[in-house]
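Asks: One structure coming up, written as structure tokens, with questions to follow.
The values are calculated or read from the model by the stated rules, or taken from the named source; none is laboratory data. Everything numeric in this text was worked out from a predicted model, so none of it was measured. Please note: Cβ atoms are built from the backbone with ideal geometry, for glycine as well, and neighbour counts cover all protein chains shown. Side chains are part of the model used for accessible areas, which takes the heavy atoms of the whole protein and leaves out ligands, DNA and RNA. Shrake-Rupley method; radii C 1.70, N 1.55, O 1.52, S 1.80 Å.
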Amino acid sequence: MTTLPEILDRFNQNASAAKFRGRAVWDFHRQEQTRDTHALDVKMAAARGVKKLYGIGLHAIRQNASLKATTFLQQRAFRVNGALRQQPFDSSAEKPQFPGASAEFIDHLEFIQPNVISGIPVYRVMDRQGQIINPSEDPKLSKEMVLNFYQKMTLLNTMDRILYESQRQGRISFYMTNYGEEGTHIGSAAALEPTDLVFGQYREAGVLMYRGFPLDLFMAQCYANADDLGKGRQMPVHYGCKDLNFVTISSPLATQLPQAAGAAYAVKRENSNRVVVCYFGEGAASEGDAHAGFNFSATLECPLIFFCRNNGYAISTPTNEQYRGDGIAARGPGYGLMSIRVDGNDVFAVYNATKEARRRAVAENQPFLIEAMTYRIGHHSTSDDSSAYRSVDEVNYWDKQDHPISRLRHYMTARDWWGEDEEKAWRKQSRKLVMEAFERAERRLKPNPELLFTDVYDEMIPPIAKQRDAMWRHIQQYKEHYPLDLYEK
Amino acid sequence: MAATRLFLRASPVKCSLTGLTGGVHSSLGSTLLKLSPACTAKPQAQRRHAAHFTFHPEPAPSQYESRATNPPLTFTGTEIEEQVFIADTHCMNVSAGPTQKMNLFQSVTSALDNTLAGDPTAVIFGEDVAFGGVFRCTVGLRDKYGKDRVFNTPLCEQGIVGFGIGAAAAGATAIAEIQFADYIYPAFDQIVNEAAKYRYRSGNMFDCGKLTIRAPWGCVGHGSIYHSQCPEAFFTHCPGIKIVVPRGPVQAKGLLLSCIADQNPCIFFEPKILYRAAVEQVPTEAYQIPLSQAEVLQEGSDLTLVAWGTQVHVLKEVAAMAQEKLGVSCELIDLRTILPWDTETVCKSVVKTGRLLISHEAPVTGGFAAEISSTVQEECFLNLEAPISRVCGYDTPFPHIFEPFYIPDKWKCFEAVKRMINY
């Protein structure tokens, strides 16, 4: 049995990337200085070696050199395991001197074998029956908080069922459920501050729900009615909410990863003790933008949590066709990221990992990668029928044997915090809440078609205004062919 | 001659500061390179052509006043001119204030300097910007403002722009540099699918208006396929962004500052051939030149010439040639902002002259001249005396050794003018 800090420490020691950085995590300022002195040596050598340089170039070198010389004189000696960059050139020693990596020499040929059989272990707090395994890992949250977790997960589940049905009945055009992944949403959202900025992919509605996004606004976005904060411009489930610090979802996958790194950098400069959280799936992690996001966040030292929902499928593509390495967590150390793999169906494990990652990301200005292992119980979306590529038995296993909602329920019932009566009452109430919001959304008109043309730029520009006027003239003339009654005037 | 000196001094690629430039032309190079007696130092076939244009600086200021100055940045080798620039009719948007002789990359540095000084959230990032940039546009800024504000990123354009979008969305003024416009394509998805649509898709809850992307642009004499491209046409098809191309240092600084201030994501293409070749007196303080306003550089009655960036200078010579050799009076328009473009100024001019010639280096098919041509024929059909002419690059990739044949030089433009007049 290993504790969370032990897992993190062991990984810190073993990961070669961490070794290359070779720095105590709090010493990033000093690291920067010593890298500069190394660069200074190179620059001065170059400047001396070239007889004639064009005017501005030489001056720039002189400018840089004089400032860095002062830094060099002031900086303290800083020696770390194999961290080459802190030491000046020393070709007498039998150590590699390459700027690109710090390591020892090896005299026999040996390829590193990717470890996929026993890869990074999965951190969990509860077993599949909701029993705490190691009591010191129990976050011991209040009854009120745990009940809230449960109610948010089940409310999300109920809303999913009703909205999925409404698409089947032609009331909304599209929907994506979150079945099986509720634990990843609620556990992580609970560990964040409300001011932390969230970038999502599309299967994180529980994060919004936990933060208090009302059912009416979920429905408004799915129905694209006049109450939609997004003004009816996007497909269902592309939620966003400025007040709740949840950046509007977009369909292209993984585009949010480098954006989250940039946002985290800006947040770091503000000194506001906020973190940025970026959710994505294991499929999106194959995109080039994911590589960019990881690399930028590490090199630019951003207070950012990358939260990967590894749910086994990207539409129909199983993980063994998505990657050959040890999942997403194993990529983290390659970029210099603190990384962990957790049981995504264990809401306490998700909570603990996110909480600790948040604390350290803010304190140390470095990114964290959490890979939450889970299972996508539902279809990819209403446009998908997953029986085409996986067995019903497989889905049933996860639904019945390893579900975040039932595991938490076992935890609660074991403490007499929840029982049959509470369950019955809550099911009735949550369904009623959802149905009422649903009926309100059904009756609401769509937004005014004027909103087709606004917000392209911050202000209306002449060509768009011209096109808008042309559209209205056309509608006036052909009004019987356009569903104007469904839209606000 | 200024044009040949341009070629000797132009820094072409990514390793200018390591002492590896020069080749045959530097004294260091000719010491190392031992030529056999059979070779002459500069054989006929090796001599490179002069530039295809002459840079026309902004007209000299009409009045001067002396005033004590505290210029923000010193440019080595140039003097600080303690003079007040009073704008004349051509530069009516340029504010009065002390000026300094600057080339185009220095005017960019000056704009960035003003921005970092005035806006504590402003950050500049991209490949190699920390040491000053491969075109020296960010020299001195890291030392002056700190490494958290002027910093290198890993070599990844999709990351640079994505990072910039996120920083802008979180409230920072983000100025991203793409090392060459030729390398902007990995960022195409982030620009078109994300930056351009950020505000619209979120119902104006979120936006990345504080993002500005800068990239060196256009032919440079030897840039070939991947250091000469003008990709503006790919982006003009994308509502939600703005695209701006300056013709000289005064314009560059004012337009860049407008892009940075503009609350929409902007792409600012800097004609790299003008980085050193274009020198003007540029105000050291901040000023803005409005976006989406084309500028009439020269009034005329017979034919309207439209271009942007370097090509404006080519067409200026064409206008002079047309006047001298054909007695044709040309009206020259610098479009400046490509998206959203100033249809009113162009159409008003064509209504007056009846003839339109548009010229750009980018390939003719699908180039932005097609858009201008289409709009003008819709708006000014009955005023046209001749078909609209486009003198552009050929529908080939930008060639290396064949550049003198490829570019829409003044002779091709002059010939097109002749054909239009005689139509």
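Asks: Please note which helices (runs of 4 or more DSSP H) are completely contained in the range B:126-211 and include at least 2 residues that are of a type outside the set (S, T, N, Q) and open to solvent by less than 10 Å² (accessible area, probe 1.4 Å). Walk me through it before giving the result.
Replies: Numbers: elements: B:141-145, B:157-169, B:198-201.
Because the criterion is at least 2 residues that are of a type outside the set (S, T, N, Q) and open to solvent by less than 10 Å² (accessible area, probe 1.4 Å), the helices (runs of 4 or more DSSP H) in the range B:126-211 that meet it are B:157-169.
To keep it simple, each residue is scored yes or no on (1) open to solvent by 50 Å² or more (accessible area, probe 1.4 Å); (2) in contact with an Asp or Glu (Cβ under 7 Å, 6 or more places away or on another chain); (3) part of a helix (DSSP H, G or I); (4) in contact (Cβ under 8 Å) with a residue 40 or more places away in the chain.
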residue	(1), (2), (3), (4)
A:424	yes, no, yes, no
A:431	yes, no, yes, yes
A:437	no, yes, yes, yes
A:442	yes, no, yes, yes
A:450	yes, no, yes, no
A:460	yes, no, no, no
A:480	yes, no, yes, no
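Asks: Further, regarding this structure: Could you look through the range A:241-266, keep only residues that are without any contact (Cβ under 8 Å) to a residue 24 or more places away in the chain and surrounded by fewer than 23 Cβ atoms within 10 Å (Cβ to Cβ), and pick out the one that is farthest from residue A:205 (Cα to Cα)?
Replies: Here the answer is A:252.
Asks: Please go through the range B:371-389 and give me each residue that is in contact with a strand residue (DSSP E or B) (Cβ under 7 Å, 6 or more places away or on another chain) and either open to solvent by 10 Å² or more (accessible area, probe 1.4 Å) or not in a helix (DSSP H, G or I) (or both), ordered by number.
Replies: At the first step, the residues of the range B:371-389 found to be in contact with a strand residue (DSSP E or B) (Cβ under 7 Å, 6 or more places away or on another chain) are B:372-373, B:376, B:388-389.
Of everything in the range B:371-389, those that are in contact with a strand residue (DSSP E or B) (Cβ under 7 Å, 6 or more places away or on another chain) and either open to solvent by 10 Å² or more (accessible area, probe 1.4 Å) or not in a helix (DSSP H, G or I) (or both) turn out to be B:373, B:388, B:389.
Asks: Another question, then. Limited to the range A:329-366, what total is found for residues that are under 27 Å from residue B:153 (Cβ atoms) and touching a Lys or Arg at 6+ places or on another chain (Cβ under 9 Å)?
Replies: So the answer is 9.
Asks: Any residue at all in the range B:332-345 that is buried (at least 21 other Cβ atoms within 10 Å of the Cβ), free of Cβ contacts under 8 Å to residues at least 40 places away in the same chain and either within 30 Å of residue B:227 (Cβ to Cβ) or touching a helix residue (DSSP H, G or I) at 6+ places or on another chain (Cβ under 9 Å) (or both)?
Replies: yes
Asks: A follow-up question, please. When you scan the range B:100-125, how many residues do you find that are in a loop (DSSP other than H, G, I, E, B) and more than 13 Å from every other protein chain (Cβ to nearest Cβ)?
Replies: Selection size over the range B:100-125: 0.
Asks: Would you confirm whether or not the range A:195-212 contains a residue that is touching a Cys at 6+ places or on another chain (Cβ under 7 Å), surrounded by fewer than 22 Cβ atoms within 10 Å (Cβ to Cβ) and within 25 Å of residue A:442 (Cα to Cα)?
Replies: Within the range A:195-212 (the criterion being touching a Cys at 6+ places or on another chain (Cβ under 7 Å), surrounded by fewer than 22 Cβ atoms within 10 Å (Cβ to Cβ) and within 25 Å of residue A:442 (Cα to Cα)), the answer is no, since none of the residues qualifies.
Asks: Sticking with this structure for a sec: Please list, ordered by first then second residue, the pairs with beta carbon atoms under 6 Å, 6 or more apart or interchain, first in the range B:240-268 and within 11 Å of chain A (Cβ to nearest Cβ), second open to solvent by 10 Å² or more (accessible area, probe 1.4 Å) and part of a helix (DSSP H, G or I).
Replies: From residues that are within 11 Å of chain A (Cβ to nearest Cβ), the pairs are B:240/B:197.
Asks: Taking only pairs six or more apart or across chains, which ones have beta-carbon atoms under 8 Å, a first residue in the range A:393-412 that is without any contact (Cβ under 8 Å) to a residue 12 or more places away in the chain, and a second residue that is open to solvent by less than 20 Å² (accessible area, probe 1.4 Å)?
Replies: Pairs that qualify, where the first residue is without any contact (Cβ under 8 Å) to a residue 12 or more places away in the chain and the partner is open to solvent by less than 20 Å² (accessible area, probe 1.4 Å): there are none.
Asks: Within the range B:328-370, track down each residue that is among the β-branched types (Val, Ile, Thr) and assigned to a helix (DSSP H, G or I). Even if it seems obvious, please write down each step before you answer.
Replies: Here is the first cut: in the range B:328-370, the ones among the β-branched types (Val, Ile, Thr) are B:328, B:333, B:337-338, B:343, B:345-346, B:350-351, B:353, B:358, B:364-365.
B:343, B:345, B:346, B:350, B:351, B:353, listed by residue number.
Asks: Going by what's in this entry, would residue B:224 be described as under 30 Å from residue B:399 (Cα atoms) and surrounded by fewer than 24 Cβ atoms within 10 Å (Cβ to Cβ)?
Replies: Spelling it out, residue B:224 is indeed under 30 Å from residue B:399 (Cα atoms) and surrounded by fewer than 24 Cβ atoms within 10 Å (Cβ to Cβ).
Asks: Related question: Going by what's in this entry, would residue B:233 be described as more than 14 Å from chain A (Cβ to nearest Cβ) and buried (at least 24 other Cβ atoms within 10 Å of the Cβ)? Show your work before the answer.
Replies: Details: more than 14 Å from chain A (Cβ to nearest Cβ): yes; buried (at least 24 other Cβ atoms within 10 Å of the Cβ): no.
It is false that residue B:233 is more than 14 Å from chain A (Cβ to nearest Cβ) and buried (at least 24 other Cβ atoms within 10 Å of the Cβ).
For (1) in a strand (DSSP E or B); (2) charged (D, E, K, R); (3) facing another protein chain (nearest Cβ under 10 Å), each residue gets a yes or a no:
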position	(1), (2), (3)
A:238	no, no, yes
A:243	no, yes, yes
A:251	no, no, yes
A:254	no, no, yes
A:258	no, no, yes
A:265	no, no, yes
A:269	no, yes, yes
A:273	no, no, no
A:292	no, no, yes
